[in-house]
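Colleague: This is the structure, below, for whatever I ask next.
The values are calculated or read from the model by the stated rules, or taken from the named source; none is laboratory data. Since the model is a prediction, treat every value here as computed from it, not as a measurement. Reconstructed Cβ throughout: ideal geometry from the backbone, glycine too, with neighbour counts over all protein chains shown. Areas reflect the complete protein model, heavy atoms only, side chains present, ligands, DNA and RNA absent. Shrake-Rupley method; radii C 1.70, N 1.55, O 1.52, S 1.80 Å.
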Amino acid sequence: MNVDVQYATIEHIKYAQEICDLIESAAKARGTGIAKREPEYVRKKIESGQAVIASYAGELAGFCYIETWQNKQYVANSGLVVSEKFRNIGLAKKIKKKILELSQEKFPGTKLFGITTSLAVLKINYELGYRPVTFSELTTDDAFWNGCKSCPNHDILERNNRANCLCTGMLFDEKSQVKETEKPKGVIAKRFQRLTNFKNKRKLNKKK
């Protein structure tokens, strides 16, 4: 399946509502909290050239956009989503790679970071050159952390004074890109195991 991944342009504004619906449904399916996106916000990201979109024969396949924090000192790639029909074909990584390139192009010299509880995103980030860091190395912008309030694990973040949570904090290191076949090592491998155990435990609790 030849899915087109490109920088979003004004011709893609028509997908704004569909993108928001897809982000919301994906978050519910994963059982994770996520800041709700409004169509107007997505439209502005597309108009400002800060988004990547994937499509196939005119059908929305995936999306991701750029957010800046602390006077553009930090950049995060947010709202990554892939339509269920187009999953398990490596599309998420293609979108992440494209949005990473766009971030470097538009905001050179900034710190690229992210936080995630997704094993798939963790692996993609690692392969692209992101490395796990403590939350103290990430942005201190309250607007960013306020986005965590909708997450069911927010109480953990607050109890720890934003020092750590179930999410893994990651910073991009251009020199650290690895081959897809290389297995995660050290801290990142421990994080994979921790998240896997957490997800398995949650599944068992749901069955009870």
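Colleague: Check every one of the helices (runs of 4 or more DSSP H) wholly within the stretch 8-115 and list those with 1 or more residues that are more than 22 Å from Thr134 (Cα to Cα) and touching a residue at least 60 places away in the same chain (Cβ under 8 Å).
Modeller: Output list reads 16-30, 91-106.
Colleague: Further question: If a residue has to be at pLDDT 80 or above and touching a helix residue (DSSP H, G or I) at 6+ places or on another chain (Cβ under 7 Å) to count, how many in the stretch 18-33 make the cut?
Modeller: Residues flagged as at pLDDT 80 or above and touching a helix residue (DSSP H, G or I) at 6+ places or on another chain (Cβ under 7 Å) within the stretch 18-33 amount to 2.
Colleague: Residues that are open to solvent by 10 Å² or more (accessible area, probe 1.4 Å), within 27 Å of Pro152 (Cα to Cα) and either over 15 Å from the mean Cα position of the chain (by Cα) or among the hydrophobic types (A, V, I, L, M, F, W, C) (or both): does the stretch 52-70 have at least one?
Modeller: Within the stretch 52-70 (the criterion being open to solvent by 10 Å² or more (accessible area, probe 1.4 Å), within 27 Å of Pro152 (Cα to Cα) and either over 15 Å from the mean Cα position of the chain (by Cα) or among the hydrophobic types (A, V, I, L, M, F, W, C) (or both)), the answer is yes, since at least one residue qualifies.
Colleague: Another question about this same structure. Please state which one of Thr134, Thr181, Thr140 is more than 20 Å from Asn71 (Cβ to Cβ), of a type outside the set (Asp, Glu), modelled with pLDDT of 90 or more and out of contact with any helix residue (DSSP H, G or I) (no Cβ under 8 Å at 6 or more places or on another chain).
Modeller: Thr134
Colleague: Taking the stretch 111-123 on its own, how many of its residues are open to solvent by 20 Å² or more (accessible area, probe 1.4 Å) and either modelled with pLDDT under 95 or within 20 Å of Tyr7 (Cα to Cα) (or both)?
Modeller: So the count comes out to 7.
Colleague: I've got another one for you. Residue under question is Lys106, and the condition is that it be touching a Gly at 6+ places or on another chain (Cβ under 8 Å), open to solvent by 10 Å² or more (accessible area, probe 1.4 Å) and either of a type in the set (A, V, I, L, M) or under 17 Å from Trp69 (Cβ atoms) (or both); does it hold?
Modeller: Yes.
Colleague: Residues of the stretch 131-180 being within 27 Å of Pro108 (Cβ to Cβ), in a helix (DSSP H, G or I) and hydroxyl-bearing (Ser, Thr, Tyr), which ones?
Modeller: Correct list: Ser136, Ser176.
Colleague: May I pose another question? Give the stretch 116-126 a look and list any residue that's under 15 Å from Ile95 (Cα atoms) and either part of a strand (DSSP E or B) or touching a helix residue (DSSP H, G or I) at 6+ places or on another chain (Cβ under 6 Å) (or both), or say none.
Modeller: Scanning the stretch 116-126 gives Ile124, Tyr126.
Colleague: Which of the numbered conditions does Val75 fail, given that it passes all the others? Conditions: (1) under 23 Å from Glu18 (Cα atoms); (2) of a type in the set (A, V, I, L, M); (3) within 13 Å of the chain's Cα centre (by Cα).
Modeller: Of everything listed in (1) under 23 Å from Glu18 (Cα atoms); (2) of a type in the set (A, V, I, L, M); (3) within 13 Å of the chain's Cα centre (by Cα), Val75 misses just condition (1).
Colleague: Just for the stretch 1-22: of the residues that are of a type in the set (A, V, I, L, M, F, W, C) and over 18 Å from Leu91 (Cα atoms), which one is most open to solvent (accessible area, probe 1.4 Å)?
Modeller: For the stretch 1-22, the residue satisfying everything is Ile10.
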